[in-house]
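All remarks here apply to the structure that follows.
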Amino acid sequence: MLNQIKAAWQNFPRQYWLLVGGSLLSATGGAMIWPFLTIYLRQRLDLPMTTVASLLTINAATSLISSFIAGMAADRFGRKHVMSLSLLCGALYYGLLGSASTFLEFALLMGFWGAASALYPVGANAMVADLVADQDRVDAYSFLRMVHNVGVAVGPIAGGILIAASYNVAFAAAGAFFGLYALINIFFIRETLTRVEKSASAPKDSLGGYGRILQDRIFVWFVLAFTFTMVTATLMFVMLPVYANENFNVPESQYGYIVTVNALMCIFVQYFVTQLIKKRPPLPVLAVGALFYALGAGSVAFGTNFWAFVVSMVILTIGELIMTPTATSLTAQLAPEDMRGRYMSVYSLTWPLAAGFGPIFAGLLNDNIAPVAMWYGGLAVGLLGVGVFLILSRRFKITLTHNPLP
């Protein structure tokens, strides 16, 4: 593994490693807050779970809209601009979060951050595709995830410690991390979208170029299946902390360790999983990963304590290790060079779509049937994703270095 990292350090351009380092900063800042945000909203507003979940749906809805704009902007004006704007808005969002006290104020902030946060991954993923050759992208996205997850591992622990003192201290620290990365992005990262690409990327249809994507049958069905899978992830990362806290008295600090288990697996296991899957056809690989997601969420229904929830997170994380670099690399390969930003924007819609549906779906099951019902619902939705990936894998033969064969 160390030899592979050394080779990557020599082969990948310097700017790629700046992105990796910046990802560590933003991931750490975000992970200080998001594992505890649902608990914070629930306690601050003292409203039913469905109402609290609606704030996450607002965040997802604005993220959904913004993703379309981000794709066009990244293809026309460059990756760097959308990334810088997103990071600056992140610093502002965390700076204001502690001062909100009403549902309306939180709704405005969640909507603002939903729109702004969607910009960064579109620009960053497109920039990596610009910088790295096709055959090296699975490794490039895997290394990026490994370092990103160092931040995800450290963030909840640091956030739990800071929150024990004050939520406002944690918000300020998160904002500082985003602000620092914004400065690095502005002053040290160069634009990778060339003038030729900018002129070539002018939309050819009335849908701002997205009409071409809708004609890509493989990609559209891939996005649908991946969205079903991400619904299970939203339950684990958004609903589990409240479920575990209210039903089994698992405190926020312990849930932070559950998230850290996910991050540590991504750091120390991702490389080995990548070596197993990177030369295999991506669609069957995605089906296997989706099955682990579904089983991870469904297994929560049988858990009653911290260690049981850790096991559920381990199962789901195996799916994450399999799916995420494969899905991002497949998106980069399917995208024409002048459409990378827009393909990445549509791919990035999977999380806000899932985050918009998943918590509301789970909240309704929680409030109207039983808290445990949300995990059976998550299992069912996850298995839908597995089914779509299996159908795609039978109809289309794709590798990560060749064109699809119908």
message = Just the residues that are among the small types (G, A, S) and touching a Lys or Arg at 6+ places or on another chain (Cβ under 9 Å), please, taken from region 297-338.
response = S329, A332, A335
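Residues in region 16-30: is at least one more than 18 Å from the chain's Cα centre (by Cα), farther than 26 Å from I258 by Cα and without any contact (Cβ under 8 Å) to a residue 60 or more places away in the chain? Let's see the steps before the verdict.
Keep residues of region 16-30 that are more than 18 Å from the chain's Cα centre (by Cα), which gives 16-18.
Then keep just the ones that are farther than 26 Å from I258 by Cα; that gives 16-18.
Adding the requirement that they be without any contact (Cβ under 8 Å) to a residue 60 or more places away in the chain leaves 17.
There is at least one residue in region 16-30 that is more than 18 Å from the chain's Cα centre (by Cα), farther than 26 Å from I258 by Cα and without any contact (Cβ under 8 Å) to a residue 60 or more places away in the chain.
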task = Report yes if some residue within region 71-81 is over 24 Å from M374 (Cβ atoms), at pLDDT 90 or above and under 16 Å from the mean Cα position of the chain (by Cα); otherwise report no.
result = no
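Restricting attention to helices (runs of 4 or more DSSP H) lying wholly within region 1-109, give those where 3 or more residues are more than 28 Å from L180 (Cβ to Cβ). Step through it out loud before you land on a result.
Working: elements: 2-11, 14-31, 34-45, 49-76, 79-97.
Ranges flagged: 2-11, 34-45, 49-76.
The values are calculated or read from the model by the stated rules, or taken from the named source; none is laboratory data. Only a predicted model underlies this, so the values are computations on that prediction, with no experimental measurement involved. Here the Cβ is made from the backbone with ideal geometry for all residues, glycine too, and neighbour counts use every protein chain on show.
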